[in-house]
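The values are calculated or read from the model by the stated rules, or taken from the named source; none is laboratory data. If you're wondering where the values come from, they're calculated on a predicted model, not measured in any experiment. Note that we place each Cβ from the backbone using ideal geometry, even for glycine, and neighbour counts take in every protein chain shown.
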Amino acid sequence: MEEQSKANANIEKLNSEQRYAVYKVLHAIYEYQTDMPKCFFLDGPAGTGKTFVYSTLLHAVRGKGDQAIAVASTGIAATFLSGGRTAHSIFKIPFTLNATSTCNLKPNTSEAKILLDAKVIVWDEAPMTHVYAFLAVDRLLKDLTKCDEPFGGKIILLGADFRQVLPVILRGSRSLTVSSCIKKHRLWSDFFVMKLTENMRAFDSEKEFASWLLQVGEGESGEKIQLSPFCYPEIQDPVQQLFSDIDFKTVTPEELKGRVILTVTNDLSMQINNRVLECMPGNEVIYESIDNIVSNDPQDQLAYTEEFLNSLTPTRMPPHKLRSNSKPGTIIMLLRNLAPSKGLCNGTRLIVIQLQKNVIVAKKLVLIITMNPISYLEYLSFHLIVICLFNSSVNNFPLD
């Protein structure tokens, strides 16, 4: 009853485009006819209410007592979906993919039964996922259902905005990135595209800026993009600008959680983080990583010293020296999907409660009222492969 009540409440708030998308998928689920599509794509820029459509659909299906699966290409996106998980964790998609990859999910398991029982699969941020992952899921569902239709005949709703982040290809050219998208594969012909165009998030004062962003995304702004002065204010010290009204000796999490500085590079982010730590009272605490070469060849061990490994901080890896403050209140960010079902994902912000020798006790920093249990973070092992050079291991907290 609770799920159905949520669905009914959401349906009352849908605009015409959103309502069309919800009922189009529901009709395919419960009133399917042979001329209806089973694969859908919800296309809409940021702020048009894609997540609201997903939520309404999930509540409506679950309200009837049926199974509805919600996944996303990233951990953070998964936390915005009711019962959301990462696509990799639900389908057991391998991290190393090729054109013939298969998912590591076995038939006759509880995970397989969930997929078989599902009336619909909702997949957010789909354009970020390599087409090889979709092919692997397609093979998995066909194998489980013994049905040769696309995705085993399951009703599937993908969604996101192709104007945003596409699959990240290591050292890949623009053409290679584009060709890795599902939109460029034969699978795309099976999808019925539904569009959302009305920005439900932007205030009246922001409509013009939102329209300009859309023009940039559509490639309609010309070869050279002229930024508004609003985009580059003259700020000498961003730390002073953002925290000028804060006394770090008495600051509370409530005062910090709505403030953030976005940077272009990790190095600049680290510099600003260190500046903020210097402003905070208490003693500095440093956790150092344990770095080593993953190889049985003694020559590899000699070729790359520990000092050299300590100097590396590649993308998605924690720094060798993770700095914090002995006083509770330091804000940290996860770099790994530890427990997406609990909201502990890559990008989740937490506030330090206690620092122990090998454990950091922290609590999620949230902008809305919700259950916020304490988490205990331990050292994790990270593996780094530098192309044509070496394979190394880093043991540290999954934090930045």
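Could you check region 182-206 and list, in sequence order, the residues that are under 17 Å from residue 138 (Cα atoms) and among the hydroxyl-bearing types (Ser, Thr, Tyr)?
Hit for region 182-206 is 189, nothing else.
For region 45-82, what are the residues that are on the phi > 0 side of the Ramachandran plot and touching a residue at least 40 places away in the same chain (Cβ under 8 Å)? Break it down stepwise before answering.
Taking region 45-82 first, the residues on the phi > 0 side of the Ramachandran plot are 47, 49, 65.
Across region 45-82, the qualifying residues are 47, 49.
Can you pull out the residues in region 16-39 that are at pLDDT 95 or above and among the polar types (S, T, N, Q)?
Within region 16-39, 16, 18 meet the criteria.
How many residues does region 26-66 hold that are in contact with a strand residue (DSSP E or B) (Cβ under 8 Å, 6 or more places away or on another chain), farther than 30 Å from residue 216 by Cβ and of a type in the set (Val, Ile, Thr)?
Qualifying residue count for the region: 2.
Within the bounds of region 155-170, is there any residue that is among the acidic types (Asp, Glu) and in a helix (DSSP H, G or I)?
No, that holds for no residue.
Quick one: residue 68 ticks every box in (1) surrounded by fewer than 19 Cβ atoms within 10 Å (Cβ to Cβ); (2) touching a His at 6+ places or on another chain (Cβ under 9 Å); (3) at pLDDT 95 or above except a single one, so which number is it?
(1)
Which ranges mark the helices (runs of 4 or more DSSP H) fully within region 1-63 that have 2 or more residues being over 22 Å from residue 210 (Cβ atoms) and among the small types (Gly, Ala, Ser)?
So the answer is 2-13, 50-63.
I'm checking my understanding of the structure. Among residues of region 253-282 that are without any contact (Cβ under 8 Å) to a residue 40 or more places away in the chain and over 24 Å from the mean Cα position of the chain (by Cα), which one is surrounded by the fewest Cβ atoms within 10 Å (Cβ to Cβ)?
Per the stated criteria, the residue is 254.
One residue is enough: does region 161-182 have a residue meeting the conditions at pLDDT 95 or above, of a type outside the set (D, E, K, R) and closer than 29 Å to residue 48 by Cβ? If you could, list the steps in order and put the result at the bottom.
We begin by selecting, within region 161-182, every residue at pLDDT 95 or above; these are none.
No - not one qualifying residue is present in region 161-182.
Yes or no, residue by residue, for (1) touching a strand residue (DSSP E or B) at 6+ places or on another chain (Cβ under 7 Å); (2) within 26 Å of residue 317 (Cβ to Cβ); (3) of a type in the set (S, T, N, Q):
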position: 223; (1), (2), (3): no, no, no
position: 229; (1), (2), (3): no, no, no
position: 238; (1), (2), (3): no, yes, no
position: 265; (1), (2), (3): no, yes, yes
position: 275; (1), (2), (3): no, yes, no
position: 280; (1), (2), (3): yes, yes, no
position: 288; (1), (2), (3): yes, yes, no
position: 292; (1), (2), (3): yes, yes, yes
position: 298; (1), (2), (3): no, yes, no
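Within the group 143, 161, which residue is closer than 17 Å to residue 118 by Cα and in contact with a Pro (Cβ under 9 Å, 6 or more places away or on another chain)? Please lay out each step first, then the result.
Values: 161 fails: closer than 17 Å to residue 118 by Cα.
Going through 143, 161 in turn, the sole match is 143.
Only one of 341, 311 is polar (S, T, N, Q) and surrounded by 12 or more Cβ atoms within 10 Å (Cβ to Cβ); which?
After applying the criteria, what remains is 341.
Starting from region 16-42, keep only residues that are more than 20 Å from residue 150 (Cβ to Cβ) and touching a residue at least 24 places away in the same chain (Cβ under 8 Å), then list their pairs with residues that are crowded, with 16+ Cβ neighbours inside 10 Å and among the polar types (S, T, N, Q) whose Cβ atoms are within a distance under 6 Å, requiring at least 6 positions of separation or different chains.
From residues that are more than 20 Å from residue 150 (Cβ to Cβ) and touching a residue at least 24 places away in the same chain (Cβ under 8 Å), the pairs are 22/56.
Would you check which residues across region 85-102 are modelled with pLDDT of 90 or more, assigned to a loop (DSSP other than H, G, I, E, B) and either surrounded by 20 or more Cβ atoms within 10 Å (Cβ to Cβ) or not aliphatic (A, V, I, L, M) (or both) and list them?
92, 93, 94, 98, 100, 101, 102
In contact with a helix residue (DSSP H, G or I) (Cβ under 9 Å, 6 or more places away or on another chain) and more than 21 Å from residue 320 (Cα to Cα): is that true of residue 256 in this structure?
Judged against the criteria, residue 256 is a match.
Please list, ordered by first then second residue, the pairs with beta carbon atoms under 8 Å, 6 or more apart or interchain, first in region 323-335 and at positive phi and surrounded by fewer than 16 Cβ atoms within 10 Å (Cβ to Cβ), second of a type outside the set (Ser, Thr, Tyr) and at pLDDT 75 or above.
That search, which allows pairs on different chains as well, returns nothing.
Name the single residue that is surrounded by the fewest Cβ atoms within 10 Å (Cβ to Cβ) among those in region 103-136 being in contact with a helix residue (DSSP H, G or I) (Cβ under 8 Å, 6 or more places away or on another chain) and assigned to a loop (DSSP other than H, G, I, E, B).
Among them, the one singled out is 106.
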